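Please read the structure below before turning to the comments.
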Amino acid sequence: MSGALLNLSGVSLAFAGNTVLQNVDFQVAEGAVVSLIGPNGAGKTSLFNCITGFYKPQSGAITFDGHELLKLRPHRVTASGIARTFQNVRLFREMTVMQNVMSGMHSRTRSGAIAAILRLPSQRAEEAAIRDYCEGCLRFVGVGPEEYDRIATTLAYGHQRRVEIARALATQPKLLLLDEPAAGLNAGEKQDLIALIRRIRDERGISVLLIEHDTGLVMQVSERISVLDHGAMIAEGTAKQIQSNPKVIEAYLGQEDAEAELDF
């Protein structure tokens, strides 16, 4: 891990006078698998939304791969190399599995509207290349050819999650943000997810940042863990360090249990 791929410095966000994020400093190193945890309402998804351009913080700086993100619209953030999934699966309901994943490559296409309308050879060649690439993304996450032409929302929930990850991979990211990727998965599917996250980093060289309430999964897959509480970053470290951190224990269990250790 050579350095900070993503860097947040002094990021603060408020809505109608209600503070959501308080002077947050946070980094994701290149080649890392990092988790962001915290109680409900801690500001985790709001932090994701700041990184991806959906929210604009009132103060602070966010840089990715050495470039400032705050002035970029969400589609430009994606083009810069950041992809995300959502807490609730957001697949295009009337589109097939393949169409959903191919939509992820929109920011990488070169053919314009005229070429598409006229079906020029250059456009057809690009479309074939996109399909080939997206087939590779689907195979990588474990979705087979028999499902490519099915309407994506008719798949079992666990496979919908895989399709959403494949669509994110199709954007060719350097950093993948996963928002509650284990939500709704059974125990076996969660173990498969852990293996997939490791493969995304090890085989594709993509850094991973995840929000996850399943702390057991977090402890297994994360190299570093950061903890938000009431919009403030209260701890950062390895799984063992986080388990025994008094501020983290208080955030999860309350002041009376501050001498305990979390059983993650």
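The values are calculated or read from the model by the stated rules, or taken from the named source; none is laboratory data. This structure is a prediction, so every number in the text was calculated from the model and none was measured. Cβ placement follows ideal geometry from the backbone for every residue including glycine, while neighbour counts extend to all protein chains displayed.
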Taking the stretch 1-17 as the region of interest, how many residues are farther than 17 Å from residue 233 by Cα and either part of a strand (DSSP E or B) or among the aliphatic types (A, V, I, L, M) (or both)?
5
Quick check: is even one residue across the stretch 206-215 farther than 23 Å from residue 23 by Cα, in contact with a Phe, Trp or Tyr (Cβ under 8 Å, 6 or more places away or on another chain) and at pLDDT below 95?
yes
Considering the stretch 76-107, residues that are surrounded by fewer than 15 Cβ atoms within 10 Å (Cβ to Cβ) and assigned to a helix (DSSP H, G or I), and then whichever is modelled with the highest pLDDT, we arrive at 76
Enumerate the pairs (first residue in the stretch 149-175 and on the phi > 0 side of the Ramachandran plot; second residue anywhere and modelled with pLDDT of 95 or more and surrounded by 23 or more Cβ atoms within 10 Å (Cβ to Cβ)) with beta-carbon separation below 9 Å, excluding pairs fewer than 6 apart on the same chain, so at least 6 apart or on different chains.
172/83
Residue pairs meeting the criteria (Cβ under 6 Å; at least 6 apart or on separate chains; first free of Cβ contacts under 8 Å to residues at least 60 places away in the same chain and in a loop (DSSP other than H, G, I, E, B), in the stretch 32-53; second crowded, with 21+ Cβ neighbours inside 10 Å and β-branched (Val, Ile, Thr)):
53/77
Does residue 220 satisfy the condition of being surrounded by fewer than 18 Cβ atoms within 10 Å (Cβ to Cβ) and either in contact (Cβ under 8 Å) with a residue 60 or more places away in the chain or in a helix (DSSP H, G or I) (or both)?
yes
Restricting to the stretch 182-211, and then to whatever is outside any helix (DSSP H, G or I) and in contact with a strand residue (DSSP E or B) (Cβ under 6 Å, 6 or more places away or on another chain), can you tell me which residue is nearest to residue 130 (Cα to Cα)?
206
Residues that are over 24 Å from residue 199 (Cα atoms) and buried (at least 17 other Cβ atoms within 10 Å of the Cβ), drawn from the stretch 27-42:
38, 42
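Yes/no matrix, rows are residues, columns are (1) in the same structural domain as residue 208 (by TED's automatic domain parsing); (2) in contact with a Ser or Thr (Cβ under 8 Å, 6 or more places away or on another chain); (3) farther than 14 Å from residue 193 by Cα:
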residue: 134; (1), (2), (3): no, no, yes
residue: 140; (1), (2), (3): no, no, no
residue: 148; (1), (2), (3): no, yes, yes
residue: 156; (1), (2), (3): no, no, yes
residue: 168; (1), (2), (3): no, yes, yes
residue: 180; (1), (2), (3): yes, no, no
Elements of type helices (runs of 4 or more DSSP H) contained in the stretch 112-170, each with 2 or more residues being at pLDDT 95 or above:
121-141, 157-170
